[in-house]
1. Within the range D:98-108, track down each residue that is assigned to a loop (DSSP other than H, G, I, E, B) and either touching a strand residue (DSSP E or B) at 6+ places or on another chain (Cβ under 6 Å) or within 7 Å of chain A (Cβ to nearest Cβ) (or both).
2. Any chance you could count how many residues in the range B:59-84 are outside any strand (DSSP E or B), crowded, with 24+ Cβ neighbours inside 10 Å and not hydroxyl-bearing (Ser, Thr, Tyr)?
3. Name the single residue that is farthest from the chain's Cα centre (by Cα) among those in the range A:110-162 being of a type in the set (Ser, Thr, Tyr) and part of a loop (DSSP other than H, G, I, E, B).
4. Would you mind telling me which numbered condition in (1) more than 21 Å from residue B:315 (Cβ to Cβ); (2) over 20 Å from the mean Cα position of the chain (by Cα) residue B:359 fails?
5. Name the helices (runs of 4 or more DSSP H) wholly inside the range C:1-117 in which the number of residues that are within 21 Å of residue B:211 (Cα to Cα) and facing chain A (nearest Cβ under 10 Å) is 3 or more.
6. Of all residues being of a type outside the set (Phe, Trp, Tyr) and not in a helix (DSSP H, G or I) in the range A:10-39, which is nearest to the other protein chains (Cβ to nearest Cβ)? Just the residue, please.
7. Could you grab me the full set of residues in the range A:147-165 that are in contact (Cβ under 8 Å) with a residue 60 or more places away in the chain and either within 9 Å of another protein chain (Cβ to nearest Cβ) or farther than 18 Å from residue D:112 by Cα (or both)?
8. Here is a list: D:62, D:55. Which entry is open to solvent by 20 Å² or more (accessible area, probe 1.4 Å) and under 20 Å from residue D:12 (Cα atoms)?
Amino acid sequence: MDAYLIAIAIVTGIYVLMALGLNLQYGLTGLINFGHVGFFCVGAYAAAILASRGWPAAATFPIAAAVAVAAAWPLGLVSLRLRDDYFAIVSLGFSEVVRLVATSERWLTNGVQGIAGIPRLFADLSGTTQALAVLALLLVLNGLAILAMRRIVASPFGRMIEAIRDNEEAVRALGKDPARFKIQVLMLGAALAGVSGAVYAHYIGFIAPEQFVPLVTFQIWMAIVMGGVGRVSGALVGSGLLMLFLEGSRFLRDLLPFVSEVEMASVRIGVVGLALILFTLYRPQGLMGDFTRR
Amino acid sequence: MSIDRRQTLAGLAGTLALPLLGRSAFAQGAGTFRIGALNPVTGSGSPYGTGMQKMILAAAEMVNAAGGAGGRMFEVFAEDTQTNPQAAVLAAKKLIEINKVQAILGTWASGVSLAVIPLTNDAGAILMHTSGAPALSVAPSNAKGLGYRFQATNDRFGRAFAEIAQKEGFKRPATMAFNNASGIGNTEGFRKAWEAKGGKVLEAVVYEPNQPSYRAELQKVLAAKPDVIVTGSYLADTTIILREWFQTGDATRWIIPGWAANPDLVKALGPDVTEGLFSVDSISNEEAPSFQMYDAAYRKAVGQPGLSNVYGAMTWDMVVTLALAMEAAGPGADVAAINAKMRDVANPGGTKVYSFAEGKAALKAGKINYEGASSILDFDAAGDVTPDFGVSVISKGKIERRYVTKI
Amino acid sequence: MTDLLELAIAGLMSGLVIGLAALAVTLVFGIARFANAATGDTMTLGAYATLGGTAATGSLIAGGAIGILAGAAAGVIAYATVFRKLERRSPVAALLASIGVGFVIRAGLGLVYGHGQQVFQLPLVRPWRVWGIRIQPTDLEIAAAALATLAAVFLILHATPIGRQMRAVADDPDLARVSGIAPRRVMIALWALAGGVAAVAGCLLGIKTVVAPEMGWDMLLPAFAAAILGGIGHPVGAVVAGVLLGIAQETATPWVGFTYKIALSFAVLLLVLLVRPRGLFGRIEGVR
Amino acid sequence: MTLVLSGLTKAYGGLRVVDNVSLSVPSDGLVGVIGPNGAGKSTLFSLATGFLAADSGTVSFDGRDLTAVAATGRARAGMVRTFQVPREFTHLTVRENLMAAAPGQAGEGLLAVFFRPGAIAAEERAIAARADETLAFLRLDAVAATPAGRLSGGQKKLLELGRALMTGARLILLDEPFAGVNPVLIEELSARIRDLADRGVGFLIIEHDLRALTRLVSTLHVMDRGRLIASGAPAAVLAEPAVRDAYLGGAAA
């Protein structure tokens, strides 16, 4: 029982880390990043490949972040000068390209067979203690991310990215180059997604390209839309809600005995769809309120 | 579905992070043995998952009706992997932690089994799966010897394909594989076996799913002028590929795994296109009485012939084998003791039995050898079975079994 | 050479389907001003409706008409219940809601039809050979259907009063409002048209492949790519770009293989956007 | 001469929206541009500030040719525009709006945010002081802590002017600064602009409100259908028959 709750909490923590990154990008800067899973994937593979070759987790995490940042940089350079909605599609395409590379480059990623037996974190601990250690690590990582986010929001840098979100043309008229800030934000969010991917790879222990489909990106989007865009608490609450949607359906089935297992898959996606529609229509500010004032 | 309502509500409360119910609610009942039915009910395994799950439930009922195994009744907790490793990990956690199951039965995709097996190993639980990836046989995945594979490995499938291609007199094979672990596993296994026979594979095309057309892929494979194309493919892509192939006017033959070359394929394409296709499957042990029992149960639960879902036969056998091992290990045996008896009740060297009731009785007299519905069910040192392969040819819209090949 | 030509034909056929989907995307983008992610699932709906209609009437043509009606109806309903209320909101809100609409459509189709595949039972015929190149009669029929759809769309846009109003709104929504064009009527016509076009695209895709709940969603990315490549809001551009992407993908396979061919459309898209940020046919937009 | 536009031309399809326009703004000059709707005034602004690329013609500022320089570069060179529809940073406070405009902030570097907090705090204090001065000058100090989105139209116009001032611009291009502003505020705004001109800031102003503009500027240009049809002292220009026909006649109709 406890271990199941801890498992749920760990996966939620992984989502929160991604949601914080996306929140920085979309909530604060207005970047419509539809390729978040691409950075998650890059981080997961970087960690998995290194850990399988015996690197310690202390090294795989920063490298996962660095590789994700390195992937974000060229993407930002070429595409952040495009219109917002173009960037949305280009970033979505980017995440698909990442997945295709993971599929094709078998020498590096073992292709579709995936990488199995990724060493677990805190392997010298066992059972619940080990799971708690992973959860603690995630809490620390999320705590650091939130602190960093706070610091950024309160800084001139944060003021400028919010100005970009509110009106990019006006920023250019003041002689500041929005693209420079957007690239940095993209890289920062990518770093969080990369670290998140590293935790994921170590935790699940097996990664394959099919786990990094665009649906993951949309789940994170759903989390921040439900929680409240532009707010740290929104990312937390939204990720929790998302897990409730995803895991709750296991238990929902027993409450809806007339719905068969196969139908459940459709019900699940229908509920996600309805939530997206209803939140955008009736509660665009999410559960945690408007981002006007933090 | 025999799911305990109280457990379910407890689980729901758990998800809501409201562990209101005390630990005692989850305590192991004295006379029960809990197993998890973890199947691909949704996602790409959905054509098989529901049937697999229903067969676990049916077989468990049968065991219970025969008085239980080793003095204990089965209690089954059903979960969906969504054919997705992450969902499967959480489901397995729930089964192990909330439902306290001691064995998980019927994971399907290799990715799913690879993600779940570290959890069952940690919990000291048995994992019985139907995945093809060779990695599941060896450490780290099967370091503890708690994993059992009821399906042929992809390598064995490839060997069977090679046997058949040789027997049918083909000289110039090419391959087409769906780009995932199973698809490539099949064609790679074929290539290895074929080259071991001194042959050469002319062309090996790997294609991505969900394309609006596979003509370019076909063109490349046909350019090598093969006399047969061996595939590692699924139903949807096989449908599209064969339709486009037929429309090129080409006359190459095809050897296709049975999960793709099935009645649905014939229904989708009609008799002209499918004429002369070879359909290869690890066959159920159809002549055996165990298969007859499974078939009857499958027809009753799903309303289709048991042959339509080989994985259903495998999950049926999982329950029976586990029950026989429990019976052999005696009342109150722990998982390790039960695990130690798995080969004793399934491998050659004892009286052949075909059902749990029969085996339970025969165990009193001495050693038994369960002959399963899915195969004769003999586990090698790695916990893998080596089923026989049936070769069918589609003729005038009928899938007709021609012969059985052993590897 | 023959090989390359046949690859190009294969690409052309895929490209026509992508181009039609991109046309549906670009129509909505040009007038309602957001990227409609429900387009893919509207395609799927059209394919299922056509299947049902064909089974009920025994005629593929009548079935196709029913499919188009279903797609148009889905578009109008989505507009009336969701997108109308988001007209004054950001394009991102509408985009997110459209993802939701798509999910709901897919959930409904999954519940009604299940997840197994269905197929159009059409007679399969062997190809003709023209100068050594295989020409497939089915291709000609699909191409004819696609071209007829295009012709109908352009006729509607250029030769009917409502079409002219749609183009006027696309050019300048504010000016159009000032000149007394009823935006509601134009929007309803737009959503019906876009839904109908998506349904045709889905129907053709279903004929080429198999009908399953995920089929349209899988085509969304190439459709978006083609819509942007063509210059968003530009109908001819969308179709031409779809065809170009289709041909580029298939004819490149001898060099890039069958996995990276999917990545190729994004590479092409990026390159074109770097040179022409507004796409191939895009108009230059002033600062608003 | 600070800003010199020469021969600027921009065409969409066959339509020349701006057609061979040349004008200049002296370093402390107050120059106005008028013309009917669609005369090409806003397009001219966009061409001058680099928000649109001209088909032909050149832009130079302080003797430096800026024709090939992008919008941000031209703003950094010291010429800053405002917009016809105010583009305030909706969710930032009025003070934050102004502070965001200050040039060359070390705190806009991500590394500095984390590794030089002390230096940034000092810099912020200085910028905040300057912002408060500017707000007082523009009589916006009462709403300093209000989110900019809640300001009235006229206040937003002032805010945009304030942001331009914060950049240290030496030439400010105002696009209809008086539109939607109440008459009392117009007087106020005009007075501020005159003050600034006295301090050596040049202005190029597009305006519909002829009366307010003619009282403010020393030179007036009239545009019609993309061309400059008259230039000179306001009174003289308004007296020209061509201007009466094109502009006043058009406005009357």
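1. If the condition is that a residue be assigned to a loop (DSSP other than H, G, I, E, B) and either touching a strand residue (DSSP E or B) at 6+ places or on another chain (Cβ under 6 Å) or within 7 Å of chain A (Cβ to nearest Cβ) (or both), then D:103, D:105 are the ones that fit.
2. Of the residues in that region, 5 qualify.
3. A:126
4. (1)
5. Hits in the range C:1-117: C:91-113.
6. A:32
7. Hits for the range A:147-165 are A:152, A:158, A:162, A:164, A:165.
8. Testing whether each residue is open to solvent by 20 Å² or more (accessible area, probe 1.4 Å) and under 20 Å from residue D:12 (Cα atoms) leaves just D:55.
The values are calculated or read from the model by the stated rules, or taken from the named source; none is laboratory data. These figures come from a predicted structure and were not determined experimentally. Cβ sites come from the backbone with ideal geometry, for glycine too, and all protein chains shown count toward neighbours. Keep in mind that these areas ignore ligands, DNA and RNA; they rest on the heavy atoms of the full protein, side chains included. Shrake-Rupley method; radii C 1.70, N 1.55, O 1.52, S 1.80 Å.
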